[in-house]
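A.B. asks: The structure follows.
Quick note: the coordinates plus some simple rules give every number you see, no bench work behind them. Model, not experiment: these values are computed from the prediction.
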Amino acid sequence: MIEQLNQSVKERTRVAKIFANEDSCLRLVTAVVMEISEQWQGSKAYFFG
């Protein structure tokens, strides 16, 4: 699961390429992590599969 999270963050930041500042990068990474967290919480297959 951690590798999937890292890959998703890497893909999203690669698409953006240039960030105005460190805060904008942090906001994007935080949004990606929150999105994936919601997906994991919605899918119990990860925990009980």
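A.B. asks: Which entry in (i) 4, 19, 24, 22, 16, 10, 4, 1; (ii) 4, 19, 27, 21, 14, 7, 5, 2, 0; (iii) 4, 22, 30, 22, 14, 5, 1 is this structure's computed P(r) over Cα pairs in 5 Å bins from 0, in percent?
C.D. replies: Given (i) 4, 19, 24, 22, 16, 10, 4, 1; (ii) 4, 19, 27, 21, 14, 7, 5, 2, 0; (iii) 4, 22, 30, 22, 14, 5, 1, the structure-derived one carries the label (ii).
A.B. asks: Roughly speaking, what is the stretch gain from Cys25 to Ile2, that is 0.36 nm per residue apart minus the C-alpha to C-alpha distance, in nm to one decimal?
C.D. replies: Numbers: separation 23, 0.36 × 23 = 8.28 nm, distance 1.95 nm.
Between Cys25 and Ile2, full extension yields an extra 6.3 nm.
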